[in-house]
Amino acid sequence: MSPKFIFALLLLISPSTFILAYNPVLNEVSVPYEVKTIGDLNTQTEHLGELKGDPHMYEFAVGEATELKISLLQIDSGTSVPFSLIVVKQNEDKGGVSEIGRLLGSKVEWQSVEDSVLGLNFSKSQVFTAELKPGIYRAEVSTPENYGKYALVVGDNSVREGYFATLADIYAFQKFFNGSAFYIIKSSYVNYPLGILAVFVAFYYTWRSRNRIKGLKNA
């Protein structure tokens, strides 16, 4: 069985497109309080960040009235890190900011979620929603000590991507939260096609062995 045939079989048994539930963007902060820009509030995007002593700041501009949907994810380790999230709007006339709302770490209702696609178990906060008017907004993620890995989830509209693009996103999640790409094997997007391939290969070699034995008997 040639490698080309195996590769073609993997493509055949793997769905060509998926409704992508995750769209990770790595937030790498080079200086404290560096502001990261969020461009799209509608397409679901996970901004992966790690607090290392300072809060993380995000900024987004709203051109017309829109609904904000935002939440937090963290690895389910049994004890939830008390992440907090606050959203504010910059005042155009008098300066300063006005608070839109917040998720307070000590009052966040963390829900355990098993994600078979990513092969990870998460603790997920409730979704904070707000109707935003045109203006400049900021969101801050913090904890009392400002340490811990999180995903800031913005928007709820999924996008379609191909199988290998989806695998790349799964790889990004696994590498960020687990520190190793090896755990990608736990994803159903990986082990399901491999399981089917293993059954097919076993069937193929069993069939070929029987034909060889039958040929020897008839010789």
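The values are calculated or read from the model by the stated rules, or taken from the named source; none is laboratory data. If you're wondering where the values come from, they're calculated on a predicted model, not measured in any experiment. Cβ sites come from the backbone with ideal geometry, for glycine too, and all protein chains shown count toward neighbours.
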Of the conditions (1) modelled with pLDDT under 80; (2) surrounded by fewer than 15 Cβ atoms within 10 Å (Cβ to Cβ); (3) of a type in the set (Lys, Arg), Lys186 satisfies every one except a single condition; which number is it?
(2)
Among residues of the stretch 129-141 being part of a strand (DSSP E or B) and surrounded by fewer than 19 Cβ atoms within 10 Å (Cβ to Cβ), the residue farthest from the chain's Cα centre (by Cα) is Gly135
Go through the residues of the stretch 57-77 one by one and say whether even a single one is small (Gly, Ala, Ser), at pLDDT below 95 and within 18 Å of Leu118 (Cβ to Cβ).
yes
